[in-house]
Amino acid sequence: MVTTTRVVGPDGQPFALADLKEPQTSRTEQLRNEWQGHPSRGLTPSRLAAILVDAEQGSLVAQSELFEDMEERDGHLASEMLKRRGAVIELPWDIVPPSSPFPKEKAAAKQLKELLAEIPGFDELLFDTTDAIGKGYTNLEIEWHQVEGFWLPASVTHRPQSWFQIYRGYREEIRLRDGTADGEPLQPFGWIRHVHKAKSGLLARSSLFRVLVWPYLFKNYAVGDLAEFLEIYGIPMRLGKYPPGSSKEDKLTLLRALSELGHNAAGIIPAGMELEFLDAATGDPKAYQAMIDWCERTQSKMILGGTLTSQADGKSSTNALGNVHNEVRKDIRNGDAKQVAATLTRDLIYPIALFNGLTDSLRRSPRMFFPVEETGDIETYSAALPTFVSMGMKISRQWAQERVGIPEPETDETDLLQAPAPARPAGQTVVDVAAATAQMGNQPQDPPARMTEQLDQVVSPALAGWVGQIRDLARQAESLEQLRDGLFVLLPDLSLDDYAAAMRIGLAAAALAGHYEILREAGGA
């Protein structure tokens, strides 16, 4: 729960949290009363060039309104943008602690994830943030309130790009249009400000739609020309003939009849007049269609990185090329997701954590994370990892869990899968196996040495009781016959289970040692 009502903004100046309850745009009524200019109406190359130049000089109104028209009137462009933005929205997200976290930071990340679930329309917030992918930037205004002592956004509202202007001081800055030359700086912690550059350079020239305006314009010309072509060449020519001496009213009647025939396929004419239907003029619309196809392919390449994930031409479209284009599209999606995560961490996650006493610095704040890396095949990793570990490779358990898509368990979870207990030879106790296993952890790296030590540890309990007796018998025997007879006397002291266990381990150790020597001689050890 929050412990203070005053915080320090990015400029180092303190301010009261209560000031955040009133959105900044509540004081700029002229912006809410503005109407869109729709500069795409009657757009020409010269008019488009003038709009782009005005944007470079800091006036973003016309360019922003043109971008809105492009997305609204071009179905192909809108479809491709929905694919790109939807790819980010469909990704799962998580709130993770900073690197090398303390227990308190892990708890803060978990609590923040629960608090985000209380923000109304969080999915819409993510979608609105991706609006910057095409238009270069987007600003979402946050209205804060307190819920049971916690400071949380009451609403997060997307504001049109035309409400803002660029101020060029030491660095470029997006400001709210308030009627002044420089504009009003955006209120600290009152906005989610996402800048998404498609290319390097000035902010006004770095948006993706800035590259797409020319294909959009050329496509509009081609569509208009194609519509005019179909109207002229697709309808048969209708010719009316009136007799000499016809009055003006008779001529108008004949013309009206021709028009009705074109729309209603029915009409009447006075007696003595004639109607003739001529063949439609011949022409080829392929040139217009080729221009439209070129413009749409260019749009797809710029938005998705290829064309085979959006439309196929039936010629060069193959499954292999489609997979390559899909991989490019995934790279673009991953880049978009990382940029969105960085912005939301700075402008949403960190303020919530700061206002509620969960962190005191952006560097150690929990962050938003999109797991964009695809998980590997579990069977492949389960077969490969033990081999790598046996070769001496040190592999992080967390890394392995991320690769196979198994989440890290919570510290308070008790219902966890456990590795099965190792099998032990017959006659050997659990204590013996544990002692032998613990002893192996400190053994030399040479395999024969490890096997010798393991054999000694496991077999010693079975042999300790009669090795001394055999030594004494060997000292006292005067011949081999006496030694043999003495061993037959000692043999009943060794149980059958102990003898079988010792022989089984000894034979296994000998076989492994033989394999090791063969591999070492062959250069494969």
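The values are calculated or read from the model by the stated rules, or taken from the named source; none is laboratory data. Given the structure is predicted, the values throughout are model-derived calculations rather than measurements. Note that we place each Cβ from the backbone using ideal geometry, even for glycine, and neighbour counts take in every protein chain shown. Accessible surface areas use protein heavy atoms only, side chains included; no ligands, DNA or RNA. Shrake-Rupley method; radii C 1.70, N 1.55, O 1.52, S 1.80 Å.
Quick notes on this structure:
- Test: residue in segment 268-282 that is part of a helix (DSSP H, G or I), on the phi < 0 side of the Ramachandran plot, open to solvent by 70 Å² or more (accessible area, probe 1.4 Å) and at pLDDT 65 or above: no
- Checking Ser162 against (1) farther than 26 Å from Arg47 by Cα; (2) assigned to a helix (DSSP H, G or I); (3) within 36 Å of the chain's Cα centre (by Cα), the condition it does not meet: (1)
- Considering segment 144-159, the residues that are under 29 Å from the mean Cα position of the chain (by Cα) and either among the hydroxyl-bearing types (Ser, Thr, Tyr) or surrounded by fewer than 17 Cβ atoms within 10 Å (Cβ to Cβ) (or both) include one that is farthest from Ile303 (Cα to Cα), namely Ala154.
- For segment 97-129, a residue qualifies if it is assigned to a helix (DSSP H, G or I) and open to solvent by 100 Å² or more (accessible area, probe 1.4 Å), and the qualifying residues are Pro103, Lys104, Lys106, Glu114, Asp123, Glu124.
- Considering residues of segment 130-143 that are open to solvent by 10 Å² or more (accessible area, probe 1.4 Å) and either of a type in the set (Ser, Thr, Tyr) or farther than 19 Å from Leu77 by Cα (or both) only, the residue farthest from the chain's Cα centre (by Cα): Glu143
- Among the residues making up segment 167-185, those that are open to solvent by 20 Å² or more (accessible area, probe 1.4 Å) and touching a strand residue (DSSP E or B) at 6+ places or on another chain (Cβ under 7 Å) are Tyr167, Glu172, Glu173, Ile174, Arg175, Arg177, Asp178, Asp182, Glu184, Pro185.
- Helices (runs of 4 or more DSSP H) fully within segment 348-438 that include at least 3 residues being open to solvent by 60 Å² or more (accessible area, probe 1.4 Å) and at pLDDT 75 or above: 378-390.
- Residue within segment 180-188 that is modelled with pLDDT of 90 or more, closer than 19 Å to Leu140 by Cα and either hydroxyl-bearing (Ser, Thr, Tyr) or outside any loop (DSSP other than H, G, I, E, B) (or both) present: yes
- Selected residue (criterion: least open to solvent (accessible area, probe 1.4 Å)) from residues of segment 47-96 that are among the β-branched types (Val, Ile, Thr) and over 20 Å from the mean Cα position of the chain (by Cα): Ile51
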